[in-house]
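The values are calculated or read from the model by the stated rules, or taken from the named source; none is laboratory data. In this text the structure is predicted, and so the values were computed from the model without any measurement. Note that we place each Cβ from the backbone using ideal geometry, even for glycine, and neighbour counts take in every protein chain shown. The area values use the complete protein model at the heavy-atom level, side chains included, leaving out ligands, DNA and RNA. Shrake-Rupley method; radii C 1.70, N 1.55, O 1.52, S 1.80 Å.
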Amino acid sequence: MIIGIGIDVVPVERFAASLVRTPGLRDRLFTSAEQHTPSGAPRTAESLAARFAAKEALAKALGAPGDLRWHDAEVIVGDRGRPHLEVRGSVAGRAAQLGVSGWHVSLSHDGGIASAVVVAEGVVRGDAE
């Protein structure tokens, strides 16, 4: 059963400017693994913006509680290039509270916009509202 759905869009140029303007923002938002491709090259602004959109969409799927930590959700690319989410800490706690047992994530970027959709699925619990 679907517990929550989130979607977010990010203007890539504005996001890239924020990364340049705000020292440390990249490290605050993304884990080391998210900042680099599997080969170790730095990710493009488009790729990072899509990952940021995924974290925002994830928060929306969980009801947008204000206590989620950026590093407690990580966008990982699987062997076949398909993204998935690894959650821990504050995000895993909220997901468990809602009965989330699995995630679906889709990332995209085109025309200067990065976007992501996150679906949380599981078993609805009484305190899921």
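Observations
- Some residue of segment 95-103 being polar (S, T, N, Q) and either more than 23 Å from residue 17 (Cα to Cα) or modelled with pLDDT under 95 (or both): yes
- Residue count for segment 14-47, restricted to those that are surrounded by 13 or more Cβ atoms within 10 Å (Cβ to Cβ) and more than 18 Å from residue 69 (Cβ to Cβ): 10
- Out of 112, 102, one residue alone is touching a residue at least 40 places away in the same chain (Cβ under 8 Å) and open to solvent by less than 80 Å² (accessible area, probe 1.4 Å). It is 112.
- Positions within segment 115-129 being more than 26 Å from residue 37 (Cβ to Cβ), touching a strand residue (DSSP E or B) at 6+ places or on another chain (Cβ under 6 Å) and open to solvent by 50 Å² or more (accessible area, probe 1.4 Å), in sequence order: 121
- Which listed residue, of 72, 79, 67, is among the charged types (D, E, K, R), more than 24 Å from residue 112 (Cα to Cα) and surrounded by 13 or more Cβ atoms within 10 Å (Cβ to Cβ): 72
- Taken over segment 84-99, the residue count meeting the criterion of being open to solvent by 70 Å² or more (accessible area, probe 1.4 Å) and more than 14 Å from the chain's Cα centre (by Cα) is 1.
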